[in-house]
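This report concerns only the one structure given below.
Any read-out appearing in this document is the output of simple, stated calculations on the displayed coordinates, not a laboratory observation. Source: prediction; values computed, not measured. Heads up, the Cβs are rebuilt from the backbone with ideal geometry, glycines too, and the neighbour counts pull from every protein chain shown.
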Amino acid sequence: MNNNTILLVEDDREISEMLQSYLTAENFEVLCAYDGREACRIFDQTQVQLVLLDLMIPKISGMEVMQYIRKSSYVPIMILSAKDSEGDKTLGLGLGADDYITKPFSLAELLARIKANLRRTTQYDAAAAPAPVVLTAGEVTMNLSDYTVSKGGAPLELTAKEFEILKLFLQNPKKVYTKEQIYALVWKDAYYGDENAVNVHISRLRNKLEDDSRNPKYVLTVWGIGYKLGDAL
């Protein structure tokens, strides 16, 4: 098993075989699952670096597969779906997906987004921290050595992107970030003009951090510009 192993969950065998062939030619190892139960079984038995997940799959839905994975792993999950409504994208990103690509898509764009998502995990693996690095704000504590976050001593379960957004704010508490800057720094990719990904992750992060997400004190909106860490923390 190499360190570029992808779990592809797609019940359309023609699409699955096409993607497997293309990604294999790009030096990825691709494991194929054709239903939700098989996807969960392969994930439990194999170390994968990224999951490509269709939502409309038999036995267990793609959303359920994603929730199952997120119980134990922050591995990047990219949704591949023919559903292109804002509601579907919001739900998918909100449940823990790192990216959402609407079918039909170009193989070149898919490859670029896969590489962008993998760069984050590669950087984590390459970075050797000799001692725990802890960031704090108010009751929130982030440990960069084991990628844990807690509030008032209670653990917070954040997705990989939520973790990266919070880390960005904690490391630069006085800086205001535009949505374009957040996307570039967290997604490690060019900004395509779609604010939905940033908006959804900020909203989900607030729901987990704030006592009242309608009156946040940790992640503040700077109207007309972007977001920043709360001043009073």
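Once phi is turned into θ = phi - 60°, what whole-Hz ³J(HN,Hα) does the Karplus curve with 6.51, -1.76 and 1.60 give for every residue of the stretch 41-52, x standing for Gly and Pro?
With coefficients 6.51, -1.76 and 1.60, one gets 5, 5, 4, 5, 9, 9, 8, 10, 9, 7, 10, 9 Hz.
What is the angle, in °, between the Cα long axis of helix 196-209 and the longest principal axis of the Cα atoms in the chain? Nearest 10 is fine, range 0 to 90.
With both axes taken from Cα atoms, the answer is about 60 degrees.
Tell me, what is the FRET efficiency for D44 and D12 to the nearest 0.05, using R0 = 22 angstrom and their Cβ-Cβ distance as r?
The pair D44/D12 has a calculated efficiency of 0.40.
Once you order the gyration tensor axes a ≥ b ≥ c over the Cα atoms, which shape class does the stretch 1-82 get: rounded for a/c under 1.5, otherwise prolate or oblate by comparing a/b with b/c? Each step should come with its number before you reach the end.
Numbers: a/c = 1.78, a/b = 1.14, b/c = 1.56.
Oblate, since a/c reaches 1.5 and b/c is not below a/b.
For a quick check: with amide H placed at 1.01 Å from N, whose amide H comes under 5 Å from S213's, ignoring anything fewer than 5 positions away on the same chain?
Under 5 Å from the amide H of S213: no residue qualifies.
What does the charge dipole of the chain about its Cα centre add up to, to the nearest 20 debye, if the Cβ of each Lys and Arg holds +1 and the Cβ of each Asp and Glu holds -1?
Charge dipole of the chain: 800 debye, to the nearest 20.
Relative to the first principal axis of the alpha-carbon coordinates of the chain, what is the inclination of helix 13-25, with its axis defined by its Cα atoms, in degrees from 0 to 90 and to the nearest 10?
Roughly 70 degrees between the two axes.
Give the angle, between 0 and 90 degrees and rounded to the nearest 10, that separates the Cα long axis of helix 160-171 from the longest principal axis of the Cα atoms of the chain.
30
Arrange E38, E162, E139 by Cβ neighbour counts within 10 Å, fewest through most, would you?
Working: E38 19, E162 24, E139 14.
With the sparsest Cβ surroundings first, the list reads E139, E38, E162.
Which value, in debye to the nearest 20, gives the size of the charge dipole of the stretch 5-126 about its Cα centre, when Lys and Arg are +1 and Asp and Glu are -1 at the Cβ?
That gives the stretch 5-126 a dipole magnitude of about 360 debye.
State the answer as a single residue: which of F28, V9, A39 lies farthest towards the positive end of the charge dipole of the stretch 1-65, with beta carbon charges of +1 for Lys and Arg and -1 for Asp and Glu, about the Cα centre.
A39
What is the spin-label model distance, in nm, from T221 to T178 if the labels are put 7 Å beyond Cα along the C-beta direction?
Here the modelled spin labels are 1.9 nm apart.
Whole number please: convex hull volume per residue of the Cα set in the stretch 134-229, in Å³?
Normalising the Cα hull of the stretch 134-229 by residue number yields 94 Å³.
Report the full-extension gain for the segment K103 to S72: residue separation times 0.36 nm, less the Cα-Cα distance, to one decimal in nm.
8.4 nm
For the chain, treating each Cα as an identical point scatterer without solvent, what Debye log10 I(q)/I(0) comes out at q = 0.07, 0.09, 0.16 1/Å?
These q points yield log10 I(q)/I(0) values of -0.23, -0.38, -1.17.
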